[in-house]
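J.: Encoded as structure tokens, here's the structure I'll be asking about.
The values are calculated or read from the model by the stated rules, or taken from the named source; none is laboratory data. All figures in this text were calculated on a predicted structure; none of them were measured in a lab. Here Cβ is always computed from backbone atoms with ideal geometry, including for glycine, and neighbour counts include all displayed protein chains.
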Amino acid sequence: MSKTYSAAEVAKHNNAADLWIVYKDGVYDITKFLKEHPGGEEVLLELAGKDSTKCFDDIGHSLEAINLRETYKIGTVVGDLSGTKTDDDNWEYEPPKYEWSPWLPVMIAVGVVVYASIFYYLWYL
Ligand code: HEM
């Protein structure tokens, strides 16, 4: 028989070193998977110790991802789940932001100088 946990017990495992999530009534210990998650660590850390059902389904995870998830199942959650629920209406997937490197102007300047030097040597020598 699979092990059962209360929502309060699940909620204690809420950090990168010890990370459980709930999906439907299943409890998943994904501590080891955190760094490997193709969707990044941040989304999982935000849901640590909480219900991830809506987020997981909204992404449209592949069958492979669903099967992988099941390999991390450690039991089921029983009793009052309200402590694990996330505020679904406020949840939104934000793609990672890409910022310009502060070195970009320097790299452009170096590129221009190199290009100008090559042009100068080919033309005048
Ligand atoms: C045990 C739990 C989970 C497993 C095993 C898992 C696994 C995976 C895998 C294998 C992928 C690659 C794409 C695919 O095959 O569908 C993926 C992508 C992703 N996952 Fe998860 N995931 C889990 C939970 C979650 C949760 C709770 C969220 C909540 C937001 C999430 C958000 C994402 C995102 C944003 C991507 C990237 C999608 C993209 O770039 O198109 N994952 N996940």
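J.: Pairs under 6 Å by beta carbon, first residue polar (S, T, N, Q) in segment 44-59, partner modelled with pLDDT of 95 or more and near the ligand (Cβ under 8 Å from one of its atoms), six or more apart or different chains?
T.: Qualifying pairs under 6 Å: S52/I21; S52/Y23; T53/Y23.
J.: While we're here: For segment 19-38, give me the residue count where each residue is within 15 Å of the chain's Cα centre (by Cα) and loosely packed, with under 14 Cβ neighbours inside 10 Å.
T.: Result for segment 19-38: 4.
J.: Is there any pair with a first residue in segment 17-32 that is free of Cβ contacts under 8 Å to residues at least 40 places away in the same chain and a second that is assigned to a strand (DSSP E or B) and more than 11 Å from the ligand (Cβ to nearest atom) whose Cβ atoms are under 6 Å apart and which are 6 or more apart or on different chains, and what are they?
T.: Sorted first by the residue in segment 17-32, then by its partner, the pairs are T31/D18.
J.: Taking the condition of being part of a strand (DSSP E or B) and more than 14 Å from the ligand (Cβ to nearest atom), how many residues in segment 2-49 meet it?
T.: Summing the residues that are part of a strand (DSSP E or B) and more than 14 Å from the ligand (Cβ to nearest atom) in segment 2-49 gives 6.
J.: In addition: Considering only residues that are in a helix (DSSP H, G or I) and in contact with a strand residue (DSSP E or B) (Cβ under 7 Å, 6 or more places away or on another chain), look in segment 50-63 and name the one that is farthest from the ligand (Cβ to nearest atom). I'd like the intermediate steps shown before the answer.
T.: Step one: of segment 50-63, the residues in a helix (DSSP H, G or I) are 53-59, 63.
Right, trim to in contact with a strand residue (DSSP E or B) (Cβ under 7 Å, 6 or more places away or on another chain) and you get 53, 56.
Details: T53: 8, F56: 4 Å.
That would be T53.
J.: Can you find a residue in segment 75-84 that is modelled with pLDDT of 90 or more, part of a strand (DSSP E or B) and within 9 Å of the ligand (Cβ to nearest atom)?
T.: For segment 75-84, residues modelled with pLDDT of 90 or more, part of a strand (DSSP E or B) and within 9 Å of the ligand (Cβ to nearest atom): absent.
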